[in-house]
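A quick write-up on the structure given underneath.
The values are calculated or read from the model by the stated rules, or taken from the named source; none is laboratory data. Since we're looking at a predicted model, the values are computed, not measured. A quick note on method: Cβ atoms are made from the backbone with ideal geometry, for glycine too, and the neighbour counts reach across all protein chains shown.
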Amino acid sequence: MKRLEVRGLQIGFQTDQGWIPAVRDLSFDLGVGEILGIAGESGSGKSALALALMGLLPSNTQVRGKVLFQGGDLLQNNAESWRKIRGSKMAMIFQDPMSSLHPYLRIGDQIIEPLLIHGLANPKQAREQALACLAEMGISDPKTMLQQYPHECSGGMRQRAVIAMAVLAKPDLLIADEPTTALDVTTQREVLIWMQKWIRASGASLVFISHDVGVLSEMADQLMVMYLGQGVERGSLVEVLKRPHHPYTDGLLRSLPAMQDRNAKHFYSLAGHVPPGGSIPSGCSFHPRCPAVQDLCRTTEQMLEINQERWTACMRAKEGSWKSS
Amino acid sequence: MDCMYARKGGKLEKLLSVENLTVKFGKFQAVQEVNFELHSGEIVGLVGESGSGKSTLGRAVLGLTPFQSGSVKFLGQSLGKLSRKVFLKLRPAMQMVFQNPMGSLDPHQSVGSAIMEVLRVVKHATDEEAFSRMKCGLEEVGLDSGLAHRYPHELSGGQRQRVAIARALAVEPRLLIADEPTSALDGSAQAHILDLLRGLVRNRRIGLLLITHDLSVVKLVADRAGVMHRGRIIETGSVEKIWSAPSHAYTQRLLAAVPQWRR
Ligand SMILES: Nc1ncnc2c1ncn2[C@@H]1O[C@H](COP(=O)(O)OP(=O)(O)OP(=O)(O)O)[C@@H](O)[C@H]1O
Ligand SMILES: Nc1ncnc2c1ncn2[C@@H]1O[C@H](COP(=O)(O)OP(=O)(O)O)[C@@H](O)[C@H]1O
Ligand SMILES: [Mg+2]
Ligand SMILES: [Mg+2]
């Protein structure tokens, strides 16, 4: 069963220098209870996508396409309909917990706010739910924490506060944009295990954006890889990591620290850099950096559907592989 | 590509020596009696859980957070004892890349003009020089120089992080303290930055203190590492030694928690 269907999504930012296409013709599905990991080039549009799903893009933005969620198209929402579902049916966890916490309000009041706004609990019930949630996430003294201000908490505590704030209303869709980048590995592990358990128990769906392939490999069921505003590959996590069909995915995996040779003269990375916003290469947009580029790639782009769950934007994936070249 | 002025090579010398450094916020000791040394041409990794005091230590070393006791010597000179004039002259040689690039970039200035400004002020570059070195510097960190006219909020997290690195490198520091410099980067961009930093250390003999919670990064590039726990450095040693035979129980726990993925 599907929870979210994204169809032909286009996101553009207006700047002094003209339009910057941040997401270009992106389509994908998210199943009920599924964790979809999203990895990709820095600047490839992951955060823009997340903000679009939440209706939080800044005003200098143009969005086209369809985002189907619970029988409606989110992109048709007005401010009032966004207010109704944001924080109740869907919630977001940002990378920097300080950006979602108000510095002058007590942690407790902030965590229970969504429950109160949407009339899902009275203050006493809300407080109890918050206490239970923080305790489950491994906060040793949740009572004290509810009374504290954000600056009195460590980064790990703040991040858990933000997660509690997002999940207490039991949303059906949770979007997390690099939620644990600020955490050390031990805290990160605790938080991730808890989030995964919560998803499994609640049946909610999770879009999980991360640069850390190690984290994704422990967290996600499905993986989508983005490059220059497009999804270039999608499939089950195991499949994509074991047998990447797109040369970008392959390069990404090969450049991870654990895959590098410490004694090499240079570390492996993809040559060149992403063109600046606005100028999208012809044909396959990865072709200027592709180690396996052929003439056809410069003029033609093609989406290859390998099966329902597995697709790639590399047309050469069909002929056995570009890897032999 | 090489965006720096001359000065190849350089001596291998003791850049930094930190003795019994203690930083308190009120009664709370964020850094407790920390000792370490950093030489030119060397990468020292600093790892540890969040809140263990890594960033505070980095900031205190550069005089950005006052410390209560101990000493920090840069090229043999005790930073606390320098006159303001001498300190300001020495200061550009020590650069820091901050953990949160949004906070360290001016929201009202395009990122290109921010880099050009430090080049003009610190390196006394002419407008043309500043412009071409700014472009070169952005490309060096893997960004297209077309991003120069954008404001920080118009960039992705990873683009901002690389702008902050380009700005720190623009003044050709002898010592670079990089606080989680690749945390927002994809694998390829991370490898590119690590390669760039390692190149500056090998070829130009800068000293790099690399603060990160990513142990695989330290294992890949650092010569030595220190493990921080509750304000103290509880273990130091070569990267080989720490990974093969961690002596402290906390280090063992840290290494065991690293998410693993291998092809
Ligand atoms: N407010 C904005 N105005 C103009 N351009 C923007 C704005 N926000 C993002 N961009 C541009 O849109 C593109 C996509 O940005 P986005 O933040 O979605 O990238 P990302 O995939 O999240 O990258 P990262 O991994 O570095 O966080 C980038 O080229 C970025 O520079
Ligand atoms: N300006 C400050 N005022 C009060 N406490 C602070 C301040 N800066 C950091 N701390 C505290 O000092 C400790 C170490 O923080 P930090 O150096 O940022 O850790 P790390 O970088 O290792 O995650 C934390 O407990 C943090 O809450
Ligand atoms: Mg982002
Ligand atoms: Mg820090």
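When A:Gly12, A:Gly8 are screened for being surrounded by 21 or more Cβ atoms within 10 Å (Cβ to Cβ), more than 25 Å from A:Gly203 (Cβ to Cβ) and away from ligand 3 (no atom under 16 Å from the Cβ), only A:Gly12 passes.
Against the list (1) under 30 Å from A:Ala39 (Cβ atoms); (2) away from ligand 2 (no atom under 16 Å from the Cβ); (3) of a type in the set (Lys, Arg), the condition A:Arg160 fails is (2). The lone criterion from (1) free of Cβ contacts under 8 Å to residues at least 60 places away in the same chain; (2) within 19 Å of the chain's Cα centre (by Cα); (3) farther than 29 Å from A:Ile117 by Cβ left unmet by A:Met195 is number (3).
Could you list all residues from segment B:78-109 that are within 16 Å of ligand 1 (Cβ to nearest atom) and over 25 Å from B:Gln68 (Cβ atoms)? Within segment B:78-109, B:Val97, B:Pro101, B:Met102, B:Leu105, B:Pro107, B:His108, B:Gln109 qualify. All of A:Glu218, A:Glu152 fail the test of being more than 30 Å from A:Gly283 (Cβ to Cβ), among the charged types (D, E, K, R) and within 16 Å of ligand 2 (Cβ to nearest atom), apart from A:Glu152. For B:Ala164, are the conditions met, namely being among the small types (Gly, Ala, Ser) and either in contact with a helix residue (DSSP H, G or I) (Cβ under 6 Å, 6 or more places away or on another chain) or free of Cβ contacts under 8 Å to residues at least 60 places away in the same chain (or both)? Yes: the conditions hold for B:Ala164. Does at least one position in segment A:13-26 carry a residue that is away from ligand 1 (no atom under 16 Å from the Cβ) and either at pLDDT 95 or above or more than 17 Å from the chain's Cα centre (by Cα) (or both)? No, segment A:13-26 contains no residue that is away from ligand 1 (no atom under 16 Å from the Cβ) and either at pLDDT 95 or above or more than 17 Å from the chain's Cα centre (by Cα) (or both).
Under the condition of being within 14 Å of chain A (Cβ to nearest Cβ), among the hydrophobic types (A, V, I, L, M, F, W, C) and either within 19 Å of the chain's Cα centre (by Cα) or surrounded by fewer than 16 Cβ atoms within 10 Å (Cβ to Cβ) (or both), the residues counted in segment B:113-142 number 2.
Could you list, in sequence order, all residues of segment B:37-58 that are of a type in the set (Ser, Thr, Tyr) and within 16 Å of ligand 2 (Cβ to nearest atom)?
B:Ser50, B:Ser52, B:Ser55, B:Thr56
Just one of (1) at pLDDT 95 or above; (2) out of contact with any strand residue (DSSP E or B) (no Cβ under 8 Å at 6 or more places or on another chain) fails for B:Arg232. It is (2).
Checked against the criterion of being of a type in the set (S, T, N, Q), modelled with pLDDT under 95 and under 16 Å from the mean Cα position of the chain (by Cα), the candidates A:Ser99, A:Ser42 yield just one match: A:Ser42.
For segment B:102-154, a residue qualifies if it is basic (Lys, Arg), in contact (Cβ under 8 Å) with a residue 12 or more places away in the chain and farther than 24 Å from B:Ser183 by Cβ, and the qualifying residues are B:Lys123, B:Arg133, B:Lys135.
So which of B:Gly45, B:Gly26, B:Gly51, B:Gly70 is away from ligand 3 (no atom under 16 Å from the Cβ), modelled with pLDDT of 95 or more and more than 25 Å from B:Leu200 (Cβ to Cβ)? Only one candidate passes the filter, namely B:Gly70. Counting the residues of segment B:61-71 that are touching a Ser or Thr at 6+ places or on another chain (Cβ under 9 Å) and within 16 Å of ligand 2 (Cβ to nearest atom) gives 4. For segment B:143-162, the candidate set comprises residues that are near ligand 1 (Cβ under 10 Å from one of its atoms) and of a type in the set (Ser, Thr, Tyr); within that set, the residue that is surrounded by the most Cβ atoms within 10 Å (Cβ to Cβ) is B:Ser156. Looking for something among the basic types (Lys, Arg), modelled with pLDDT under 95 and under 19 Å from the mean Cα position of the chain (by Cα) - is there at least one such residue anywhere in segment A:301-322? The answer is yes; a qualifying residue exists.
Within segment B:111-149, the set of residues being in contact with a helix residue (DSSP H, G or I) (Cβ under 6 Å, 6 or more places away or on another chain) and in a loop (DSSP other than H, G, I, E, B) comprises B:Ala125, B:Val141, B:Gly142, B:Leu143. Criterion first (exposed (fewer than 15 other Cβ atoms within 10 Å of the Cβ) and within 16 Å of ligand 1 (Cβ to nearest atom)) does A:Ser154 satisfy it? Considered against the rule, which asks whether it is exposed (fewer than 15 other Cβ atoms within 10 Å of the Cβ) and within 16 Å of ligand 1 (Cβ to nearest atom), A:Ser154 comes out as no. Among the residues of segment B:206-263, the one identified as under 23 Å from B:Leu15 (Cβ atoms), away from every other protein chain (no Cβ under 13 Å) and in a loop (DSSP other than H, G, I, E, B) is B:Ile206.
Taking strands (runs of 3 or more DSSP E) as the structural unit, those lying wholly within segment A:160-232 and holding at least 2 residues that are within 12 Å of chain B (Cβ to nearest Cβ) and touching a strand residue (DSSP E or B) at 6+ places or on another chain (Cβ under 8 Å) correspond to A:222-227. Any residue at all in segment B:103-121 that is within 16 Å of ligand 2 (Cβ to nearest atom) and either closer than 25 Å to A:Glu41 by Cα or charged (D, E, K, R) (or both)? Checking segment B:103-121: at least one residue is within 16 Å of ligand 2 (Cβ to nearest atom) and either closer than 25 Å to A:Glu41 by Cα or charged (D, E, K, R) (or both). Taking segment A:63-119 and the helices (runs of 4 or more DSSP H) fully enclosed by it, the elements with 2 or more residues that are of a type outside the set (Val, Ile, Thr), surrounded by fewer than 16 Cβ atoms within 10 Å (Cβ to Cβ) and on the phi < 0 side of the Ramachandran plot are at A:79-85. At the interface with another protein chain (Cβ under 10 Å from one of its Cβ atoms) and at pLDDT below 95: is that true of B:Glu180 in this structure? Yes: the conditions hold for B:Glu180. Within segment B:183-200, the set of residues being more than 10 Å from chain A (Cβ to nearest Cβ) and more than 12 Å from the chain's Cα centre (by Cα) comprises just one member, B:Leu200.
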